[in-house]
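Novice: Got a structure here, written out as structure tokens. Questions coming.
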Amino acid sequence: MVSIVTDSTSDISPERARTLGITIVPLFVLFGNRSYRDYIDLTRPQFFEMLAREPMLPTTSQPTPEMFSAAFAPLVERGDEVLCLTISSFLSGTINAARAGAEMSGGSVEIYDSQSAAGGLGMMVLRAHEMAQAGASKAEILRALDRERQTQRLYACIPDLSHIQRTGRIGKAQQVLGTLMRIVPVLSLKEGQVAAEAQVRTFARAQETMLDLSMKAVTDISKARFLVMHTNAPQLAEAAMLKLRDRLGGEEPLMLEILEAGPVIATHAGAGAVGIFAAEDE
């Protein structure tokens with residue numbers, strides 16, 4: 001049996017994880033010297049309320065190796081193979097803590113760099129779990145994840161890039177910072193790093209470009225999965241979903257959902273962001 005472990009940036013709710021049997025290791029959100037475990041000590045509403053009133057902007061911190069080791073231990077003890085999917089190594093050092101925890105556990109634990117984050121990581125985790133439940137081997141699951149890692153796309157519109165710039169997650173999009181007053185970038189996630197995919201004049205145009213690029217990312221809608229993400233922007237997400245449905249022309253993809261990002265992801269994206277993850281199964 002292959003058991004799936006991930007970190008909280010996958011934005012899979014604790015309730016859903018418990019129901020499915022997926023183990024989640026939380027990252028930390030820090031407001032000054034106060035530390036909160038993502039999704040455990042700090043919910044989405046609590047985070048955004050604090051973000052609005054706290055004078056100091058939050059930061060994030062990765063889990064400890066001991067936290068990963070504790071997550072792996074009961075799975076190893078019952079003889080499971082463990083597959084742990086983490087946020088992109090370009091965005092966080094979480095994978096290093098997971099690798100150290102795996103060494104401490106002494107069992108069959110594989111650490112996998114998703115080169116994704118948020119809903120994109122969550123999509124990969126759910127895919128791995130579905131395959132494991134169907135009896136797939138770890139090697140078969142890894143082959144499917146490798147393909148998704150190569151083909152999954154994220155296109156996002158972030159109205160205020162100061163958060164992602166301040167926290168150092170701007171990646172290959174660094175070159176747009178000098179012209180932020182004149183353009184609105186459509187950001188993508190490429191090879192695990194944030195990049196500027198397009199630069200337009202208005203936030204409305206950026207959203208249309210995001211939708212166009214998301215549709216171009218798939219060739220067969222019947223095998224496609226779409227996830228609309230947002231950070232405390234449900235109306236933007238609903239509007240994007242309606243426009244995405246129009247572009248699908250009545251065809252039904254394998255997945256079409258809306259998900260609000262959790263505190264760790266929102267720390268870096270800020271409030272008001274919207275994005276679309278697109279993937280296509282074989």
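The values are calculated or read from the model by the stated rules, or taken from the named source; none is laboratory data. Because the structure is predicted, anything quoted here is derived from the model rather than measured. Neighbour counts are summed over all protein chains in view; Cβ atoms, including those assigned to glycine, are modelled from backbone coordinates with ideal geometry.
Novice: Could you check, for segment 199-208, whether at least one of its residues is of a type in the set (A, V, I, L, M), crowded, with 16+ Cβ neighbours inside 10 Å, outside the structural domain of SER92 (by TED's automatic domain parsing) and closer than 30 Å to GLU49 by Cβ? Steps first, answer last, please.
Specialist: At the first step, the residues of segment 199-208 found to be of a type in the set (A, V, I, L, M) are 200, 204, 206.
Pick out the ones that are also crowded, with 16+ Cβ neighbours inside 10 Å and you get 200, 206.
Of the ones still in play, those that are also outside the structural domain of SER92 (by TED's automatic domain parsing) are 200, 206.
Going one step further and asking which of them are closer than 30 Å to GLU49 by Cβ, we end up with 206.
Yes, some residue in segment 199-208 is of a type in the set (A, V, I, L, M), crowded, with 16+ Cβ neighbours inside 10 Å, outside the structural domain of SER92 (by TED's automatic domain parsing) and closer than 30 Å to GLU49 by Cβ.
Novice: Return yes or no: is THR86 crowded, with 23+ Cβ neighbours inside 10 Å and either in the same structural domain as GLY192 (by TED's automatic domain parsing) or under 30 Å from GLU140 (Cβ atoms) (or both)?
Specialist: Numbers: crowded, with 23+ Cβ neighbours inside 10 Å: yes; either in the same structural domain as GLY192 (by TED's automatic domain parsing) or under 30 Å from GLU140 (Cβ atoms) (or both): yes.
Taking the combined requirement at face value, the residue satisfies it.
Novice: Determine whether segment 7-15 contains at least one residue that is surrounded by fewer than 23 Cβ atoms within 10 Å (Cβ to Cβ), among the polar types (S, T, N, Q) and closer than 24 Å to ALA134 by Cβ.
Specialist: Yes, the conditions are met somewhere in segment 7-15.
Novice: Looking only at segment 79-98, filter to residues that are in a strand (DSSP E or B) and within 18 Å of the chain's Cα centre (by Cα); which one of those is farthest from ALA269 (Cα to Cα)? Steps first, please.
Specialist: If we filter segment 79-98 for residues that are in a strand (DSSP E or B), which is where we start, we get 81-86.
Next, from what is left, pick out any that are within 18 Å of the chain's Cα centre (by Cα): 83-86.
Working: LEU83: 28, CYS84: 25, LEU85: 21, THR86: 19 Å.
Among them, the one singled out is LEU83.
Novice: When you scan segment 28-78, how many residues do you find that are touching a Leu at 6+ places or on another chain (Cβ under 7 Å) and in a strand (DSSP E or B)?
Specialist: Counting residues in segment 28-78 that are touching a Leu at 6+ places or on another chain (Cβ under 7 Å) and in a strand (DSSP E or B) gives 6.
Novice: Let me ask you something else. Within segment 1-27, track down each residue that is in contact (Cβ under 8 Å) with a residue 60 or more places away in the chain and hydrophobic (A, V, I, L, M, F, W, C).
Specialist: From segment 1-27, those in contact (Cβ under 8 Å) with a residue 60 or more places away in the chain are 1-12, 20-22, 25, 27; that's our starting set.
MET1, VAL2, ILE4, VAL5, ILE12, LEU20, ILE22, VAL25, LEU27 - these are the residues of segment 1-27 that are in contact (Cβ under 8 Å) with a residue 60 or more places away in the chain and hydrophobic (A, V, I, L, M, F, W, C).
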